[in-house]
1. Pick out which of 65, 122, 37 has the largest mean-square fluctuation in a Gaussian network model of the chain, springs linking Cα atoms closer than 10 Å.
2. Say the cut-off is 20 Å between C-alpha atoms; which of 93/425; 315/418; 193/252; 122/153 go over it?
3. Could you tally the net charge around residue 25, taking each other residue with its Cβ under 12 Å from the Cβ of residue 25, Lys/Arg +1 and Asp/Glu -1?
4. Relative to the longest principal axis of the chain, what angle (0 to 90°, nearest 10) does the C-alpha long axis of helix 153-163 take?
5. Compute the long axis of helix 225-237 from its Cα atoms, compare it with the longest principal axis of the Cα atoms of the chain, and write down the angle in degrees, 0 to 90, nearest 10.
6. What order, most packed first, do the peptides 76-82, 313-319 have when packing is the mean number of other Cβ atoms within 10 Å of each residue?
7. Please compute the net charge surrounding residue 358, taking Lys and Arg as +1 and Asp and Glu as -1 over other residues with Cβ under 15 Å from its Cβ.
8. Relative contact order for the chain using alpha-carbon pairs under 8 Å, separation at least 6, rounded to a whole percent?
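Read-outs throughout are calculated quantities, based only on the coordinates presented, and are distinct from any laboratory measurement. Everything numeric in this text was worked out from a predicted model, so none of it was measured. Cβ: placed from backbone, ideal geometry, glycine included. Neighbour counts: every protein chain shown.
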Amino acid sequence: MIAASAEKAFDIFSSNTIDLVITDMKLPGKSGLKFLKQVREIDPDIPVIVITAFATVQNAVEAMKAGAIDYITKPFTVEEIEVKIDKALTARKLTIENRQLSLENEYLREETQYHFSEMIGKSQPMQEIYHLIRKVASANSPILILGESGTGKELIARAIHYSGSRKDKPFIRVNCAALAEGVLESELFGHEKGAFTGAIRRKPGRFEIAAEGTIFLDEIGEIAPSIQVKLLRILQEKEFERVGGTETLTMKARLIAATNQNLESLIAQKIFRHDLYYRLNVVSIQLPLLRDRKDDIPLLVYHFIEKYNQEAVKKIQGITPEAMKYLLHYSWPGNIRELENVIERAIVLSNRSFIDIEDFPQNIIEHNSFPSSTGQNKDAEKESLMNQTGEYEKNLIFDALRMTGGNISRAAQHLGIKRTTLRYKMDKYDLLRYNFE
């Protein structure tokens with residue numbers, strides 16, 4: 001759309017979805033600089049490119065302070081302006097996507113703030129997990145969590161604990177694979193003074209410390225047969241003794257176990273007791289692989305960007321679409337833990353505002369091979385972007401209003417815009433007719 005004056009341009013801007021503004025500094029009537037400030041008051045994120053024949057440092061500084069994303073002097077070539085337009089539209093898209101995903105993450109955290117700790121995901125497999133957690137959270141039966149390494153088994157265990165009636169009681173975690181047989185036995189059941197060399201005082205075990213809370217046995221498939229027998233007794237009789245002791249103690253905690261191994265295969269090899277397996281497997285939760293819930297990768301990426309920005313004192317704003325495509329096409333054998341490591345590495349190494357392909361380890365780059373976008377494909381991408389940006393913004397505002405129950409002030413704060421700007425955009429996208437309460 002073309003306008004011959006700032007007043008006409010503002011009328012067009014106010015009544016249409018605009019993705020980019022290109023304005024001359026010298027306009028009939030109101031100056032381009034005043035027009036820029038007026039536009040930015042309504043949409044603080046709109047990219048604006050300023051054109052001028054007077055290339056001075058002062059002009060450039062004034063334009064940038066007023067919110068221009070770029071600055072070009074006359075005369076210029078078509079190629080020059082095309083490059084700047086591509087850059088501005090890409091920045092616009094990244095800003096919208098970053099805000100959308102940040103808002104979704106914030107919504108998910110608020111939705112699961114107490115119940116689901118740091119679990120991130122809106123995919124169908126994760127929705128099924130959330131539903132199951134709600135059903136078993138207050139049950140007393142043992143729960144067995146199954147899944148490959150890095151799928152988030154401990155997060156699930158914590159979510160179950162903090163969602164149920166035991167949430168104010170202890171959550172005790174034991175990594176069974178990290179302790180030798182004798183040490184693990186003492187850690188689980190405790191020991192009496194003199195029970196073995198070095199036992200200079202009585203020590204309560206994890207089952208005792210857990211009291212009426214939850215004890216989480218991670219890597220349950222690694223425990224020795226002698227401890228399996230004692231664990232079976234605890235599950236059946238709710239009783240145990242400290243190592244070297246005769247006093248019978250009552251187990252009041254709820255037990256959650258997890259493993260990345262195939263327990264049925266271990267049973268066939270006579271490594272794991274079948275009766276213990278059946279006692280543990282009253283309720284089982286099978287965690288999906290990351291490659292089976294790829295809809296959650298963008299949310300996880302922005303969650304980790306936010307986390308490691310704080311730890312590394314960085315200001316990475318997001319990730320480029322091409323880099324995100326690489327992450328979506330990777331198979332993730334290490335699941336969420338591998339993705340987290342990749343993002344942490346990128347945050348530490350990147351000197352850019354957005355994570356790009358060059359920030360990834362070589363195995364991810366080599367795993368992907370995409371033809372570069374040229375000619376007609378680029379034109380299609382531009383057209384698609386122009387058509388979709390307005391819909392992105394509308395959905396972003398709709399989600400913010402839904403999350404805040406229609407509270408315009410809170411929604412505007414979440415979106416990082418003025419309340420008057422939000423009211424204008426609600427009218428623009430016909431959102432005033434919705435009841436968000």
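1. In this elastic network of the chain, the residue with the biggest mean-square fluctuation among 65, 122, 37 is 65.
2. Working: 93/425 18 Å; 315/418 23 Å; 193/252 24 Å; 122/153 17 Å.
Violating the 20 Å limit, Cα to Cα: 315/418; 193/252.
3. Values: positive: 26, 30, 34, 74; negative: 24, 62.
Summing Lys/Arg as +1 and Asp/Glu as -1 gives +2.
4. The answer is roughly 90 degrees.
5. Value to nearest ten degrees: 90.
6. Details: 76-82: 10.1, 313-319: 16.7.
Peptide ranking by packing, descending: 313-319, 76-82.
7. Net charge in that neighbourhood comes out at -1.
8. Working: 642 pairs, mean separation 67.3, N = 437.
Relative contact order here is 15 percent.
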